[in-house]
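In what follows, a single structure is set out as structure tokens and then discussed.
The values are calculated or read from the model by the stated rules, or taken from the named source; none is laboratory data. None of these values were measured; they are calculated from a predicted model. Positions of Cβ are generated from backbone atoms using ideal geometry, with glycine treated the same way; all protein chains shown enter the neighbour counts. With ligands, DNA and RNA removed, areas are computed over all heavy atoms of the protein, side chains included. Shrake-Rupley method; radii C 1.70, N 1.55, O 1.52, S 1.80 Å.
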Amino acid sequence: MSSSDSKGPGLRGVRTTSLFRAVNPELFIRPNKPVMAFGLITITLCVGYLGYLHAVKENSQELYEAVDSDGERYMRRKTSKWD
């Protein structure tokens, strides 16, 4: 097969069914850099927000310093009589 027989580089030049193209569009559509940048920024912000929520939850566990009968100090989480 010579280079003049193919329609283009990659899988765009291969004969496929329309069902295959509909199921696998990422193989035939050229990359769109602004959309990729928007997606990367969005995913990064979502992961950062989840990390922020996790950090806030851990900081709000209401820990206090307790002293046991031997005089040792340790951190303890506040509990209610319902726990």
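Summary of values
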read-out	value
When residues of the range 64-83 are limited to those that are aliphatic (A, V, I, L, M) and surrounded by 10 or more Cβ atoms within 10 Å (Cβ to Cβ), the one nearest to the chain's Cα centre (by Cα)	Ala66
Residue list for the range 64-83, filter: assigned to a strand (DSSP E or B) and either among the small types (Gly, Ala, Ser) or in contact (Cβ under 8 Å) with a residue 60 or more places away in the chain (or both)	Ala66
Subset of the range 19-63 [open to solvent by 100 Å² or more (accessible area, probe 1.4 Å), at pLDDT below 90, in a helix (DSSP H, G or I) and over 30 Å from Arg77 (Cα atoms)]	Glu26
Test: residue in the range 67-82 that is modelled with pLDDT under 80 and acidic (Asp, Glu)	no
